[in-house]
Amino acid sequence: MAEPKQDRAVRTREAILLAAAEVMDEFGFAGASITKIAERAGTTTGAMYFHFKSKEGLAQAVMNAQPETIVPRLESAGLQRLVDITLVWAWRLQVDPLLRAGVRLAVEQGAFGLQDDTSFREWVGIMEGCLNEAREQGELLASVRPSEVAEFVVGACTGSQLHSQLTSGRGDLPERVVRMWRLLLPGVAAPVVVDRISLDPERGRLR
């Protein structure tokens with residue numbers, strides 16, 4: 001039975017997005033030609049332009065796909081879920097080209113004429129949701145503002161991965177994330193909660 005046209009279109013779009021991520025991760029935006037991406041995806045440039053209006057649009061799609069590489073792997077809730085997001089992210093950055101390219105493009109986008117903070121704002125929203133859930137569960141100190149903590153964690157993770165990339169090719173990023181939480185948790189979580197939050201970096205590796 002022939003594959004339905006809509007399913008085929010979805011599969012083609014996913015293949016193009018992954019190919020673009022791989023090529024942009026390897027060569028950067030400037031070195032990622034449409035021809036290279038189409039060849040990697042096993043499709044035509046016409047098909048690419050059917051799904052994405054421009055290379056810039058394709059780069060934006062890669063940047064904004066970051067949560068899809070993390071959120072489906074999570075099972076925890078509240079403050080532990082927030083910690084797990086960062087632990088899974090730290091490990092997936094070493095093996096997942098879609099996430100790696102999304103992070104690279106989000107940081108380097110000014111060099112190719114974009115100024116789109118959508119991916120950062122989406123991460124802030126996801127993390128703020130975890131913190132709001134944590135507040136409902138009585139896990140947070142009364143003075144904590146979820147929006148402020150979420151923005152801080154996104155910024156801290158962005159800086160940590162840049163530093164880690166330079167010093168170890170991101171090999172030490174999980175440990176850096178753990179150190180961040182050891183410093184941050186006492187100022188965010190209720191004292192009885194701090195000790196029960198797992199900071200085992202293997203929580204990220206096994207997902």
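Report yes if Arg100 is basic (Lys, Arg), part of a helix (DSSP H, G or I) and either free of Cβ contacts under 8 Å to residues at least 12 places away in the same chain or under 23 Å from Thr69 (Cβ atoms) (or both), otherwise no. Spelling it out, Arg100 is indeed basic (Lys, Arg), part of a helix (DSSP H, G or I) and either free of Cβ contacts under 8 Å to residues at least 12 places away in the same chain or under 23 Å from Thr69 (Cβ atoms) (or both).
Within region 70-102, how many residues are open to solvent by less than 10 Å² (accessible area, probe 1.4 Å) and either of a type in the set (Phe, Trp, Tyr) or farther than 25 Å from Val188 by Cα (or both)?
First pass over region 70-102, keeping only residues open to solvent by less than 10 Å² (accessible area, probe 1.4 Å): 70, 78-79, 82-88, 90, 93, 99, 101-102.
Imposing the further condition that a residue be either of a type in the set (Phe, Trp, Tyr) or farther than 25 Å from Val188 by Cα (or both) reduces the set to 93, 99, 101-102.
The number of residues fulfilling the criteria is 4.
Determine whether Leu131 is buried (at least 17 other Cβ atoms within 10 Å of the Cβ), at pLDDT 95 or above and either in contact with a Phe, Trp or Tyr (Cβ under 6 Å, 6 or more places away or on another chain) or closer than 18 Å to Ala20 by Cα (or both). Criteria not met by Leu131. Contact annotation: residue pairs with Cβ atoms under 7 Å, 6 or more positions apart or on different chains, pairing a residue in region 143-165 that is on the phi < 0 side of the Ramachandran plot with a partner that is open to solvent by 90 Å² or more (accessible area, probe 1.4 Å), are Pro146/Arg135.
Just give me the residues in region 63-87 being part of a helix (DSSP H, G or I) and aliphatic (A, V, I, L, M), in sequence order. If you could, list the steps in order and put the result at the bottom.
Going through region 63-87, the residues part of a helix (DSSP H, G or I) turn out to be 63-64, 66-69, 71-73, 78-87.
Answer for region 63-87, where residues must be part of a helix (DSSP H, G or I) and aliphatic (A, V, I, L, M): Met63, Val71, Leu79, Leu82, Val83, Ile85, Leu87.
Residues in region 134-158 that are part of a helix (DSSP H, G or I) and polar (S, T, N, Q) were compared, and the one that is surrounded by the fewest Cβ atoms within 10 Å (Cβ to Cβ) is Ser147. Among the residues that make up region 19-29, is at least one of them in contact with a Phe, Trp or Tyr (Cβ under 7 Å, 6 or more places away or on another chain) and assigned to a helix (DSSP H, G or I)? Taking every residue of region 19-29 in turn, at least one turns out to be in contact with a Phe, Trp or Tyr (Cβ under 7 Å, 6 or more places away or on another chain) and assigned to a helix (DSSP H, G or I). Do we find that Gln137 is among the polar types (S, T, N, Q) and under 28 Å from Gln109 (Cβ atoms) in this structure? No, not satisfied. Of the set (1) β-branched (Val, Ile, Thr); (2) part of a helix (DSSP H, G or I); (3) open to solvent by 40 Å² or more (accessible area, probe 1.4 Å); (4) over 17 Å from Glu151 (Cα atoms), all apply to Val107 but (4).
The values are calculated or read from the model by the stated rules, or taken from the named source; none is laboratory data. Nothing here was measured: the structure is a model prediction, and the numbers come from that model. Positions of Cβ are generated from backbone atoms using ideal geometry, with glycine treated the same way; all protein chains shown enter the neighbour counts. Calculation scope for accessible area: heavy atoms of the full protein, side chains included, ligands and nucleic acids excluded. Shrake-Rupley method; radii C 1.70, N 1.55, O 1.52, S 1.80 Å.
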